[in-house]
Structures are given as C-alpha cells and as structure tokens.
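Comments concern the structure below.
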Amino acid sequence: MVVGTAWQYQVNTLNAAGGDKMVAVLPKEGATGWSDTWMISSKAANPNCMYKWMDYIISPKANADVTVYFGESPVSAAACVEVDKQSPRHCDSRHCEAFHANDENYFKNVYYYITPTLVSNTKFIGNVVYDLVGVAGNQPLAAAYTMVPVTIMLLFLFVARRLGAFGAL
C-alpha cells in the first residue's frame, strides 16, 4: 500500500499500533516540508521574556520533551541524547534516527514551504488588513476591506454562470 503525504509521527503511530509494517520514504524527486519556528516580534513589549523562553525551549531536556510529544526532530545532538534517556517511557529509542535529526543529506531533498510575509512595502490585501487590525486595531474596517476580493469573486462567478460556464459540469 502506498500513502501520500504523511508525517513521520503518523508512521510511528501506525507501527506502534500494529508492528513495524509501515515505512516513510523520501522520493528521489524530493518532498515538501516545513519547519516549526518560534519568532520574536520586533514590537514585543517584553522581548527579554521571549529570549528566556527561547533559551528554555532549545535546552536539551525541554526540546526532547516537545519533539517526542509532537513527533518532530530535535534541534541538537544534546537533545537527541535526552530523547534516548526518555526512550523507555516513549518506546522509541530510535527517535532521532526516525526523524533524520543528524542526517544533513536527507534534508537536501526537502523543499520547505515558504510562508508569505504580511509585512512589506507592497500593499497587498493581507498587508492592508494587517495594518488595519495589527497596528490600528480597527477590526470593522479590516473586515470590510476583506470583503473586496470576496465581492469580486462572487461577481466573477455570477457572470460565469450567466454565460453558461457551469453548464458542462
């Protein structure tokens, strides 16, 4: 059986439920992926608190706890050592191996999602809504502004229907 896009933790969960029958493979063409991240806002009122959080979450023990729980790759070799200490509790002494934590070559064929930024000089609708809500706190105006593309799409669908574009469906 072949399954499409999946996370490693799904394979691990299925195997834990019924034995080692499933494997995850990286196709020779590569695969898409993403990296969970923590970010500090440039406008944070208390950036030192966030720096303390960052120091904590990348510490070997905390990082091992989180990555084992969520089924992710740890950020450091020290966290992998900590994961191995937890293996009797989590029943996976091969966690870092399963998630390719120390395999740089594996990730050369993983193409990460790119999240478009809302903050730029270009005034796309996302930037305008961000400005209206994020900075000005004007939620009613931001909500009204988001109706512009919805109205355009509805108008397009109405015209397409009137011209018979959906008749063949």
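The values are calculated or read from the model by the stated rules, or taken from the named source; none is laboratory data. Since we're looking at a predicted model, the values are computed, not measured. Cβ coordinates were reconstructed from backbone atoms using ideal geometry, including for glycine residues, and neighbour counts include every protein chain displayed.
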Restricting attention to segment 51-72, report how many residues are over 30 Å from T13 (Cβ atoms) and in contact (Cβ under 8 Å) with a residue 12 or more places away in the chain.
-> 0
Can you tell which of W7, W34, W38 is closer than 25 Å to K108 by Cβ and touching a helix residue (DSSP H, G or I) at 6+ places or on another chain (Cβ under 7 Å)?
-> W38
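Rundown of residues vs (1) of a type outside the set (K, R); (2) part of a helix (DSSP H, G or I); (3) out of contact with any strand residue (DSSP E or B) (no Cβ under 7 Å at 6 or more places or on another chain), yes/no style:
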position	(1), (2), (3)
Q10	yes, yes, yes
M22	yes, no, yes
K43	no, no, yes
V75	yes, no, yes
A79	yes, yes, yes
Of these, C96, C49, C91, C80, which one is modelled with pLDDT of 80 or more and surrounded by fewer than 15 Cβ atoms within 10 Å (Cβ to Cβ)?
-> C49
Checked against (1) modelled with pLDDT of 60 or more; (2) assigned to a helix (DSSP H, G or I), G134 satisfies every condition except (1)
Return yes or no: is W38 free of Cβ contacts under 8 Å to residues at least 40 places away in the same chain, more than 17 Å from A98 (Cα to Cα) and part of a helix (DSSP H, G or I)?
-> no
Flag for W53 being under 26 Å from E82 (Cα atoms), of a type outside the set (K, R) and part of a loop (DSSP other than H, G, I, E, B) = no
